[in-house]
Amino acid sequence: MNTVLDIHGLEVAYGKVEALRGLGLTVGEGEIVALLGNNGAGKSTTVSAISGVVRSRAGSVTAFGENITAAPPWSIVERGIVHVPEGRRIFSRLTVHENLQLGGYTVPDTRSIDRRIEQVYDLFPRMAERRAQQGGTLSGGEQQMLAIGRAMVAGPRLIMLDEPSMGLAPLVVAQVMDAIVAINRAGTSVLLIEQNARAALKIAHRGYVIDSGRVTVTGSAAELRADPHVVEAYLGA
Ligand SMILES: Nc1ncnc2c1ncn2[C@@H]1O[C@H](COP(=O)(O)OP(=O)(O)OP(=O)(O)O)[C@@H](O)[C@H]1O
Ligand SMILES: [Mg+2]
């Protein structure tokens, strides 16, 4: 399996707060990899470091065989790595369609943008129905679909989703997870950050549990579901 992402010894500090303390993980081509952990474990910092939004002070990030540790965010998007941040951050005054068009800002060919927007409408028929609705008036689940759809318009090879299930009702969580599976089957590798370990381990191939900026447990999704520590801390009795 080709390696999409390979992280070694990553350290990130915000002033005195050491958010990542030697974190390592890999994502292989075609995989859905879950990154689990409690509040403050360093999950969002990990994706922000990969996407070049925060600087690491040690360690390396390699994507598709190239060192991107100090690369600027735009160049990381150009390499096919997109980040759907926590809290969605869609443009609330723009329509669904305009939000999707903005997802193609790094794509020079407008025809491929239009084609990918149609693929998003196939994936999320709700978005097609609401294409003229203002983003800010969508429900939370619809906004999450829009945020994922907008990232897909960039044509990513790796999509990093930061807590896509946050604040969503169980049925909507299931719909979002189904969409992630569909995106993965169509050829995009996925790094899925979740506090909802149960939902994430249903669809992931492998996972990592992180605590205080380090990996504490790793294995296949089945191994993690059977790990007593993971069950107790993240899956409930
Ligand atoms: N901009 C910042 N300035 C200072 N400290 C920060 C900043 N961002 C994150 N931190 C700290 O870094 C640590 C890791 O935070 P991070 O957001 O990566 O955790 P997380 O695993 O995503 O948590 P959550 O599940 O709550 O989103 C925390 O202690 C947090 O307070
Ligand atoms: Mg976070």
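The values are calculated or read from the model by the stated rules, or taken from the named source; none is laboratory data. Source: prediction; values computed, not measured. Because the Cβ atoms are built from the backbone with ideal geometry, glycine has one as well, and the counts that use them run over all protein chains shown.
Points to keep in mind about this one:
- Of all residues in region 18-34, those satisfying the criterion of being away from ligand 1 (no atom under 12 Å from the Cβ) and not acidic (D, E) are G22, G24, L25, T26, V27, G28, G30, I32, V33, A34.
- On the stretch given as region 17-47, residues that are surrounded by 15 or more Cβ atoms within 10 Å (Cβ to Cβ), polar (S, T, N, Q) and within 12 Å of ligand 2 (Cβ to nearest atom) total 3.
- Test result for R88, of a type in the set (K, R) and surrounded by 15 or more Cβ atoms within 10 Å (Cβ to Cβ): yes
- Residues considered: A128, A222, A147. Of these, the only one that is in a helix (DSSP H, G or I), within 16 Å of ligand 1 (Cβ to nearest atom) and either at pLDDT 95 or above or within 19 Å of the chain's Cα centre (by Cα) (or both) is A147.
Results for (1) over 30 Å from A186 (Cβ atoms); (2) in contact (Cβ under 8 Å) with a residue 40 or more places away in the chain; (3) within 16 Å of ligand 1 (Cβ to nearest atom), shown as yes or no for each residue.
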| residue | (1), (2), (3) |
| --- | --- |
| G9 | yes, yes, no |
| K16 | yes, no, yes |
| L36 | no, yes, yes |
| R57 | yes, yes, yes |
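- The set of residues from region 173-200 being in a helix (DSSP H, G or I) and either within 14 Å of ligand 1 (Cβ to nearest atom) or touching a Gly at 6+ places or on another chain (Cβ under 6 Å) (or both) comprises A197, A200.
- Filtered by the rule that a residue be within 16 Å of ligand 2 (Cβ to nearest atom) and either modelled with pLDDT under 95 or of a type outside the set (A, V, I, L, M, F, W, C) (or both), region 1-16 gives a lone residue, Y14.
- Residues (part of a loop (DSSP other than H, G, I, E, B), out of contact with any Asp or Glu (no Cβ under 7 Å at 6 or more places or on another chain) and of a type outside the set (K, R)) located in region 64-90: F64, G65, I68, T69, A70, A71, P72, G80, G87, I90
- Any hit, region 167-175, residues being under 13 Å from the mean Cα position of the chain (by Cα) and either buried (at least 23 other Cβ atoms within 10 Å of the Cβ) or without any contact (Cβ under 8 Å) to a residue 24 or more places away in the chain (or both): no
- Selection over region 1-38 of residues that are closer than 22 Å to M166 by Cβ and among the polar types (S, T, N, Q) gives a count of 1.
- Top-ranked residue in region 72-85 [being without any contact (Cβ under 8 Å) to a residue 40 or more places away in the chain and under 21 Å from K43 (Cβ atoms); ranked as surrounded by the fewest Cβ atoms within 10 Å (Cβ to Cβ)]: P73
- Matching entry among T45, T3 (being of a type in the set (S, T, N, Q), away from ligand 1 (no atom under 13 Å from the Cβ) and in contact (Cβ under 8 Å) with a residue 40 or more places away in the chain): T3
- Leading residue by the ranking (nearest to ligand 2 (Cβ to nearest atom)) among those in region 154-172 that are more than 16 Å from M127 (Cα to Cα) and assigned to a helix (DSSP H, G or I): P170
- Test for G9: is it part of a strand (DSSP E or B) and not β-branched (V, I, T): yes
- Residue in region 183-200 that is of a type in the set (S, T, Y), surrounded by 14 or more Cβ atoms within 10 Å (Cβ to Cβ) and modelled with pLDDT of 95 or more present: yes
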